[in-house]
Every structure is written in C-alpha cells, then in structure tokens.
Amino acid sequence: MARLEGTIARVTWHDAHSLDNNEWHSIEDIDDSPCVCVSIGIILRRKRHLVLMQTCTGEQGADNVLLIPWGMVRKVEKLSIPHKRRKVR
C-alpha cells in the first residue's frame with residue numbers, strides 16, 4: 001500500500017454517527033445502518049489511519065486533513081486527472 005502515498009484518491013468509508021439526540025427512541029426502531037461517506041484528496045501516510053489531505057500549499061502546508069481509521073475504510077480508488085498534451089514548438 002506504500003505506493004499510494006501522494007496519490008489522488010476517492011475513499012469510501014463508514015463514519016461513526018448518532019441518532020437525533022432531541023427525542024426518545026424505541027429500541028426496536030433503532031436502525032444500525034452505516035453512515036457511508038466519500039472523501040477525495042491526496043493520501044499522505046498510513047499506519048493506523050488513512051491520512052487524506054484535501055488542500056495543500058507545496059510541501060509544507062496541509063489543510064482539511066482527515067485521519068480515517070483503517071477499520072472504517074471500505075474502498076480506496078486511485079483517481080487520475082485527464083489533461084491534453086501541449087504541442088512542442
């Protein structure tokens with residue numbers, strides 16, 4: 001998995017979530033469906049978490065960084081940015 005570092009990726013993952021806390025719920029009516037999230041960014045490093053940076057300023061600055069525990073990750077898809085080749089003059 002080390003070759004993913006620096007890759008632009010779309011990550012599908014399950015987030016922890018809660019029910020509406022402003023009302024009572026019947027135990028039988030509690031739906032335990034996962035909260036499925038999709039995030040896109042640049043993969044930085046991975047040990048205990050998949051670290052996804054969504055904004056950067058060169059080598060030093062990172063913003064909107066998500067640390068997603070590997071147990072919550074469901075799919076990592078490498079993305080590519082299509083571009084046209086320039087004509088050489």
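Hey, got the dipole for the chain? About the Cα centre, +1 on K and R Cβ, -1 on D and E Cβ, debye to the nearest 20?
Numbers: 14 positive and 11 negative charges, 318 e Å.
Roughly 1520 debye for the chain.
Per residue of the stretch 46-63, what does 6.51 cos²θ - 1.76 cosθ + 1.60 with θ = phi - 60° give for ³J(HN,Hα)? Whole Hz please, x for Gly and Pro, Karplus curve as stated.
9, 10, 8, 10, 7, 9, 10, 9, 9, 9, 9, 10, x, 7, 9, x, 9, 9
Roughly how many nanometres apart are two label points built 7 Å out from the Cα toward the Cβ at Val65 and Arg48?
1.5 nm
Which one, Gly41, Gly61, Gly71, has the greatest fluctuation when you compute a Gaussian network model over the chain with C-alpha springs under 10 angstrom?
Result for the chain, Cα springs under 10 Å: Gly61 fluctuates most.
Go through the stretch 48-88 and name the trypsin sites (Lys or Arg not before Pro) that are in a DSSP coil and have 11 or fewer other Cβ atoms within 10 Å of their Cβ. Numbers along the way, then the final one.
Working: sites: Arg48, Arg74, Lys75, Lys78, Lys84, Arg85, Arg86, Lys87; in loops: Arg48, Lys84, Arg85, Arg86, Lys87.
Answer in residue order: Arg48, Lys84, Arg85, Arg86, Lys87.
Please compute the Kirkwood hydrodynamic radius of the chain from all pairs of different C-alpha atoms, in Å with one decimal.
Values: mean 1/r = 0.0639 Å⁻¹.
Answer for the chain: a Kirkwood hydrodynamic radius of 15.7 Å.
Report the one residue of Gly6, Asn22, Pro34 whose Cα lies farthest in the direction of the positive end of the charge dipole of the stretch 1-50 (charges on C-beta: Lys and Arg +1, Asp and Glu -1; origin at the Cα centre).
Gly6
At Ser18 and Val73, where each label point lies 7 Å from the Cα along Cα→Cβ, what is the point-to-point distance in nanometres?
For the pair Ser18/Val73, the computed spacing is 2.8 nm.
If r is the Cβ-Cβ distance from Arg85 to Ser26 and R0 is 41 Å, what FRET efficiency results, to the nearest 0.05? Walk me through the numbers on the way to the answer.
Working: r = 61 Å, r/R0 = 1.49.
Given R0 = 41 Å and the Cβ-Cβ separation, E is 0.10.
Ordering Arg89, Arg46 by accessible area with a probe of 1.4 Å, largest first, what comes out?
Ranking Arg89, Arg46 by accessible area, largest first, yields Arg89, Arg46.
Taking θ as phi - 60°, what are the ³J(HN,Hα) couplings along the stretch 72-89 by the Karplus curve (6.51, -1.76, 1.60), each to the nearest whole Hz, with x for Gly and Pro?
9, 6, 10, 7, 10, 10, 5, 10, 10, 9, x, 8, 8, 6, 7, 6, 7, 9
Take each of the peptides 29-35, 13-19, 50-56, average the number of other beta-carbon atoms within 10 Å over its residues, and list them starting from the highest. Please report the intermediate quantities before stating the final value.
Working: 29-35: 8.0, 13-19: 11.9, 50-56: 17.4.
Top of the packing list down: 50-56, 13-19, 29-35.
Name the residues whose placed amide hydrogens come within less than 5 Å of the amide hydrogen of Arg45, ignoring near sequence neighbours (fewer than 5 apart) on the same chain.
The answer is Val51.
Among the lysines, which have Cα under 20 Å from the Cα of Lys47 when same-chain residues fewer than 8 positions away are ignored?
By straight Cα distance, Lys47 reaches Lys75, Lys78.
What is the distance, in nm, between label points placed 7 Å from the Cα along the Cα-to-Cβ direction at Thr7 and at Val38?
In this crude spin-label approximation the distance works out to 1.8 nm.
The values are calculated or read from the model by the stated rules, or taken from the named source; none is laboratory data. These figures come from a predicted structure and were not determined experimentally. A quick note on method: Cβ atoms are made from the backbone with ideal geometry, for glycine too, and the neighbour counts reach across all protein chains shown. To get the accessible areas, we keep the full protein, side chains included, count just its heavy atoms, and leave off ligands, DNA and RNA. Shrake-Rupley method; radii C 1.70, N 1.55, O 1.52, S 1.80 Å.
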